[in-house]
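I have placed the structure first, in the form of C-alpha cells, so that the comments after it can refer back to it.
Readers should treat all values here as calculations from the given coordinates under stated rules, not as data from a laboratory. As the structure is a computational prediction, the values presented were derived from the model and not from experiment. Backbone-built Cβ (ideal geometry, glycine too); neighbour counts: all protein chains shown.
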Amino acid sequence: MNSINTPRRLLLASALLAAGMLLPQFANAQGTYPNRPIKFVVPYAAGGLPDTVARIFAQRLG
C-alpha cells in the first residue's frame with residue numbers, strides 16, 4: 001500500500017511546487033489597482049459627522 005501512494009504523493013508534491021512557482025508571476029502581471037479614480041458616495045448631508053469621517057477616510061486612501 002505504501003509503494004502505491006509514494007508515486008502519487010511525488011506527483012502531487014511536484015504539481016504543487018510548480019503551481020507555487022507560477023503564482024508570483026500572475027501577481028506581478030496585474031499592475032496597480034485601482035487604475036482610475038474611486039467615487040466615494042456618502043448619503044448624508046455635508047458637514048455632519050458621517051461626512052467628516054468619510055473625508056478623513058478618503059484622504060488616507062490617497
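Worth pointing out:
- Backbone phi angles across the range 45-62, fed through the Karplus curve with coefficients 6.51, -1.76 and 1.60 (θ = phi - 60°), yield HN-Hα couplings of 5, 5, x, x, 4, x, 5, 5, 5, 5, 5, 5, 4, 5, 5, 6, 5, x Hz in residue order; Gly and Pro are listed as x.
- Put a dot 7 Å past the Cα of LEU23, heading toward its Cβ, do the same for ILE38, and the two dots end up 2.5 nm apart.
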